[in-house]
Amino acid sequence: MSGSSSFSRPPARLWPLIACLYVSQGIPFGLAMEALPASLRHAGTDLQALAWLPLVGLPWVLKWLWAPWVDNHWSPRTGRRRSWILPMQGLVLAALLAVALLGLSVQTLPWILGLAVTASLASATQDVATDALVAEQFATESLPMANAIQVASTMVGFFYGGPVFLMLYGTLGLSWAIVGLVLPIAASLVLTLSWREPQALRVAASTSKASQWHFLRSGRNAWALVVAACLSAITVVACHGLGKLLLVDAQWPLARVGQVGMLGGAFTILVGCGGGAWLVRRFGAWPAFQLGIASAGLSAVTWAWLATQTPAMPMTAVVMATVLASIGSGCASVAIMTAAMNFCRRRTQAGTDMTMVQSARDLGETMASSFLIALAARVGYKEGFLLGVVLAGVIILATAWMIRSRLDAHCENRGP
């Protein structure tokens, strides 16, 4: 029995709704990861105290622990997904307004840290419900574009909560900067309030309770999604994370490094996500995923060569490596999320299933960030990038085998 209700064409209001929801979810993460460390350091906060801020991202890695609770507990009157989205958005709004009242200073750091954790926890929990909403509400042919909007909107939210907040804070002050953050979240709250879940979803009930175990025991497709998500994140981090550190060690000005980062973000949103959606619709999720990983692998090869050219690294090659990594990241993310939604939309625990895949990707990013930096410190940048190349090859071969085995199984089921 399917636990989702799909439609050949989703209502038009769902497109701006999911875009606003994903933007609002990215804002607290960008605020905690980029804006707060810079703002608090500017206020005189000690670096050792700021070292706790990255822990704000832990709810995004650990949200799989409470994802079944989101699937299993909800109000039929409010809706299965709206029951969680509405209060989580309200919690984020309250946390941001509290930051505006407290101010950013050394004295308020403990309170700011607590509010940042609260907002991150609320956003991570909302993400469980939002992903499930998309999987349940969008038909198969609409999922590539929906996931392109997911990846792009989350990145827009991250940049809005990070660099944009810093610009607003530096020119208009904290209060108006917070107002700028609140506006898109308030817009998504209004859109969610004005939308009603279809009756089929409001009364949906599972024959069994959602759980992580039900996902893991559902066969090799589930494990393939988890492994592919984790390894692809490591490959992308090998390009983006190590690349920026290599530029810094090559004595590039921070402003120039930031420009390279913004260029990468623009290509991820405009070309990686849009192109990824087109590739998924044209060739399917897994072939598009392979193309994205291949692009990231070529980026890692370019970065490995650049690591041998320091400090005189040609700008053209840096741009090419950044663009290849960004396109690959966007394309692979859209493809793996579309594959995950196609998997979980036939089941009754979409929130839990999607969260298991996303948490695997977040875990891969977290592990890679630490491991690759340690590897580069011990043996050099080139070896760190070459590891990304090796992983890209492993992923492409593994997914090729999986696609072939699925086709073989399909032929056997069809018979002669």
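Table for the structure above
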{"quantity": "Test result for residue 264, assigned to a helix (DSSP H, G or I) and open to solvent by 20 Å² or more (accessible area, probe 1.4 Å)", "calculated": "no"}
{"quantity": "Whichever residue in the range 91-130 is part of a helix (DSSP H, G or I) and hydroxyl-bearing (Ser, Thr, Tyr) and, among such residues, is nearest to residue 184 (Cα to Cα)", "calculated": "123"}
{"quantity": "Residue within the range 270-289 that is farther than 27 Å from residue 343 by Cα, part of a helix (DSSP H, G or I) and under 24 Å from the mean Cα position of the chain (by Cα) present", "calculated": "no"}
{"quantity": "Output for the range 47-90, where each listed residue is in a helix (DSSP H, G or I), open to solvent by 70 Å² or more (accessible area, probe 1.4 Å) and more than 23 Å from residue 356 (Cα to Cα)", "calculated": "47, 48"}
{"quantity": "Subset of the range 351-380 that is open to solvent by 10 Å² or more (accessible area, probe 1.4 Å) and among the acidic types (Asp, Glu) - its residue that is modelled with the highest pLDDT", "calculated": "362"}
{"quantity": "Where residue 142 falls short, out of the listed (1) open to solvent by less than 50 Å² (accessible area, probe 1.4 Å); (2) under 17 Å from residue 31 (Cα atoms); (3) under 24 Å from the mean Cα position of the chain (by Cα)", "calculated": "(2)"}
{"quantity": "Selected residue (criterion: farthest from residue 24 (Cα to Cα)) from residues of the range 106-120 that are open to solvent by 30 Å² or more (accessible area, probe 1.4 Å) and either modelled with pLDDT of 95 or more or not hydrophobic (A, V, I, L, M, F, W, C) (or both)", "calculated": "107"}
{"quantity": "Hey, residue 291 open to solvent by 60 Å² or more (accessible area, probe 1.4 Å) and of a type in the set (A, V, I, L, M) or not", "calculated": "yes"}
{"quantity": "Unique residue being among the aliphatic types (A, V, I, L, M), at pLDDT 90 or above and either open to solvent by less than 10 Å² (accessible area, probe 1.4 Å) or out of contact with any Phe, Trp or Tyr (no Cβ under 7 Å at 6 or more places or on another chain) (or both) when the list is 334, 323", "calculated": "334"}
{"quantity": "Qualifying positions in the range 381-392 - surrounded by fewer than 20 Cβ atoms within 10 Å (Cβ to Cβ) and of a type outside the set (A, V, I, L, M, F, W, C)", "calculated": "382, 383"}
{"quantity": "Flag if residue 333 is touching a residue at least 60 places away in the same chain (Cβ under 8 Å), under 18 Å from residue 145 (Cβ atoms) and polar (S, T, N, Q)", "calculated": "yes"}
{"quantity": "Check on residue 200, modelled with pLDDT under 85 and open to solvent by 30 Å² or more (accessible area, probe 1.4 Å)", "calculated": "yes"}
{"quantity": "Contacts under 7 angstrom Cβ, first residue in the range 29-48 being under 12 Å from residue 163 (Cα atoms), partner outside any helix (DSSP H, G or I) and open to solvent by 10 Å² or more (accessible area, probe 1.4 Å), 6 or more apart", "calculated": "39/104"}
{"quantity": "In the range 221-257, the residues that are part of a helix (DSSP H, G or I) and without any contact (Cβ under 8 Å) to a residue 60 or more places away in the chain", "calculated": "223, 244, 248, 254, 255, 256, 257"}
{"quantity": "Filter result for residue 348 (open to solvent by 10 Å² or more (accessible area, probe 1.4 Å), touching a residue at least 60 places away in the same chain (Cβ under 8 Å) and of a type in the set (S, T, N, Q))", "calculated": "yes"}
{"quantity": "Breaking point among (1) without any contact (Cβ under 8 Å) to a residue 40 or more places away in the chain; (2) in a helix (DSSP H, G or I); (3) not aromatic (Phe, Trp, Tyr), for residue 309", "calculated": "(2)"}
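The values are calculated or read from the model by the stated rules, or taken from the named source; none is laboratory data. Being a predicted model, the structure only gives us computed values, none of them experimental. Quick reminder, even Gly has a Cβ in these numbers, built from the backbone with ideal geometry, and neighbours come from all protein chains shown. What goes into the accessible areas is simple: the full protein's heavy atoms, side chains included, and nothing from ligands, DNA or RNA. Shrake-Rupley method; radii C 1.70, N 1.55, O 1.52, S 1.80 Å.
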